[in-house]
Amino acid sequence: TAHLYKAIITGTGYSSDRGLGTNTVHIASIKRMMIEVAGEVIFVLPKAKFEKGALEFISHCGLRPDPILERKERRKSAPQFTKKATIIIDDGPDEDPPELVTFLEELAASKNYRLGKVPANAGVRVFETQLILKPESEMRKQSEQPRTFVP
């Protein structure tokens, strides 16, 4: 099995509904595998990526669990696992696009992050979070469970 100490991941675009993505199936697959085998994941998300869509999913960047492939050696272990993730967003003079504002609001609501330490003039915002990885079958089970509405 492969192991990376750190994977630095970016994509073609970010959407609050679909997460970070790219337009190439093969590249998305490789990046998802890198996320799965890396000890730590660093997401580099330029502001401009929040204004663009993408066709193939890579990751939810810690806001929601990411699906992983089931492997024989993992079936007997825990149904999910977490790993350290860092999100780096440029902090230029331009106004934050709406998708970025939504992302930051969701991140704040999740309470699953802390601000990273960077110099004030670094020009980036850094968030440290936990990436949750779950087997696809576990995620399907959760989505198939009936949801109850409580007013």
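The values are calculated or read from the model by the stated rules, or taken from the named source; none is laboratory data. Since we're looking at a predicted model, the values are computed, not measured. Here Cβ is always computed from backbone atoms with ideal geometry, including for glycine, and neighbour counts include all displayed protein chains. When the accessible area is computed, the model is the full protein with side chains, heavy atoms only, and any ligands, DNA or RNA have been set aside. Shrake-Rupley method; radii C 1.70, N 1.55, O 1.52, S 1.80 Å.
So, in the stretch 15-43, how many residues would count as being among the charged types (D, E, K, R) and at positive phi? Number of matching residues: 0.
Could you list all residues from the stretch 14-57 that are assigned to a loop (DSSP other than H, G, I, E, B) and open to solvent by less than 40 Å² (accessible area, probe 1.4 Å)?
Those that are assigned to a loop (DSSP other than H, G, I, E, B) and open to solvent by less than 40 Å² (accessible area, probe 1.4 Å): SER16, ALA54.
Please tell me if GLY11 is in contact (Cβ under 8 Å) with a residue 12 or more places away in the chain, surrounded by fewer than 20 Cβ atoms within 10 Å (Cβ to Cβ) and assigned to a loop (DSSP other than H, G, I, E, B). For GLY11, the condition - in contact (Cβ under 8 Å) with a residue 12 or more places away in the chain, surrounded by fewer than 20 Cβ atoms within 10 Å (Cβ to Cβ) and assigned to a loop (DSSP other than H, G, I, E, B) - is not met. For the structure I just gave you, tell me whether LYS84 is surrounded by 14 or more Cβ atoms within 10 Å (Cβ to Cβ), more than 23 Å from TYR5 (Cβ to Cβ) and at pLDDT below 90. No.
Would you confirm, using the coordinates I've provided, whether VAL126 is at pLDDT 80 or above, open to solvent by less than 50 Å² (accessible area, probe 1.4 Å) and of a type in the set (Val, Ile, Thr)? Let's see the steps before the verdict.
On the way: at pLDDT 80 or above: yes; open to solvent by less than 50 Å² (accessible area, probe 1.4 Å): yes; of a type in the set (Val, Ile, Thr): yes.
When the stated conditions are applied, VAL126 passes them.
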